[in-house]
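Down below is the structure, laid out as structure tokens.
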Amino acid sequence: MSITLGSLFDGIGGFPLAAQRVGITPAWASEIEPFPLRVTALRFPNMAQLGDITKLKGVDVPPVDIVTGGSPCQDLSIAGARAGLAGERSGLFLEQIRLIREMREVDQNRQRTAEFVRPRFMVWENVPGAFSSAGGEDFRIVLEETVRIASPACAVPRPPNRSWHPAGAVVGDGFSLAWRTLDAQYWGVPQRRARIFLVADFGSPSASQILFEPTGLPGYPPAGGETGQAPAVQAGVGAA
């Protein structure tokens, strides 16, 4: 059975394209802008378009194994007004959390348990400005809201120096989360474009393995050894 993926804030289908290249089936996407919708209709004719994320309900969304989302970055970026997660655009990240939580509740009602509850994995992508937004509090909220999908009582503390490392992990009882800052220049793209990639596994401690042990891309050398690319575990947090 094929692994399936749902893409939130889909844009022109970056996550579905990557998924398709490694044998994952893009099942559906959520996007509202007309031009990206025309692009993905051409590239992924079999991928359902579900529309506005704020109108989606977990009970109505087809179950998938992975949900990806690059929620709007404008309010987190150092180039913007820095409204953070309180902003109208970047605050849509919380809609991603809401929908995944609802989908998992529906699957649990179908008598699926532990690692079989879908979606099991979440991937979030955003700008490095998320680390410093609201003095670092916004990224703490991102981590805490994500792990609370699996463990509602879990609390994620701020780092002692109030500064987030570019890579780290949170590991609890039966769930895990890892983040890492990656730059497009190390993957054959002729520009510097750093982004945070966060992977959550709501059914096992595999998130660090997924994110920190890449097999590399065909035709490109692994990124390990480049400046700023070494992973570092920042925190281990158990359910309270």
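Quick note: the coordinates plus some simple rules give every number you see, no bench work behind them. Computed from a predicted model, the values in this text were never measured in an experiment.
Per residue, the Cα convex hull of the range 1-73 amounts to 87 Å³. Listed values for the range 109-122 are Karplus-derived 3J(HN,Hα) couplings in whole Hz (6.51 cos²θ - 1.76 cosθ + 1.60, θ = phi - 60°), namely 5, 7, 6, 7, 9, 6, 6, 8, 6, 10, x, 7, 10, 10, and x replaces Gly and Pro. What the phi angles of the range 58-73 give under the Karplus curve with 6.51, -1.76 and 1.60, with θ = phi - 60°, is a coupling list of x, 5, 9, 8, x, x, 9, 7, 10, 10, 10, x, x, 4, x, 9 Hz, glycine and proline written as x. What the phi angles of the range 13-26 give under the Karplus curve with 6.51, -1.76 and 1.60, with θ = phi - 60°, is a coupling list of x, x, 5, x, 5, 4, 4, 4, 6, 10, x, 8, 8, x Hz, glycine and proline written as x. In terms of its C-alpha gyration tensor, the range 110-205 has an oblate overall shape, because the principal axis ratio a/c (a ≥ b ≥ c, square roots of the eigenvalues) is not below 1.5 and a/b does not outweigh b/c.
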